[in-house]
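Enquirer: Sharing a structure with you now.
Computed from the coordinates by the stated procedures, all read-outs in this text should not be read as laboratory data. What you see is a predicted model; the values in this text were computed from it and never measured. Using ideal geometry, Cβ is built from the backbone for each residue, glycine included, and neighbour counts are taken over all protein chains shown.
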Amino acid sequence: HYCPQGTMNPYDYKCPPGTFSDATNNKASSDCTDCPAGKACKEMTTTTAVTITLTGSATTFTTNVQQNCAAGHYCPLRTEYPTQFPCPAGKFTASTSLTAESGCSQCS
């Protein structure tokens, strides 16, 4: 997430698809980092418990997290989902960190 000037909720501005941040004090979307090749940065929903005075309540927010690329797929820079880029028909990969289609092997 990032917080432009005047932000009232730290979860209002999430990093754009294909990017992530595990840093604090981000001020703009440009502070988010491109998801590295071989990984996918998928948005996921997280629930965190928050205690307010004497009662407990939960707040839900979204964050982008790095995941391994799925077998049978490759993940170039800024990939959003582990299954976004499948190897073409007739090719495969067992790797979960493939960065380019050229790494897909011919089926035998």
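Enquirer: Sorting check: for 87-95, 72-80, which peptide has the highest mean count of neighbouring beta carbons within 10 Å, and how do the rest follow?
Expert: 72-80, 87-95
Enquirer: Points 7 angstrom from Cα along the Cβ direction at Tyr11 and Cys107: gap in nanometres?
Expert: If labels sit at Tyr11 and Cys107, their model points lie 4.3 nm apart.
Enquirer: Could you compute the FRET efficiency for Thr33 and Thr96, with r as their C-beta to C-beta distance and R0 at 30 Å, rounded to 0.05?
Expert: Step by step, r from the Cβ atoms, then E = 0.90.
Enquirer: Fewest first, what order do Asp12, Asp22, Asp31 take by the number of other Cβ atoms within 10 Å? Don't jump to the answer; show the numbers that get you there.
Expert: On the way: Asp12 12, Asp22 9, Asp31 15.
By the 10 Å Cβ count, ascending: Asp22, Asp12, Asp31.
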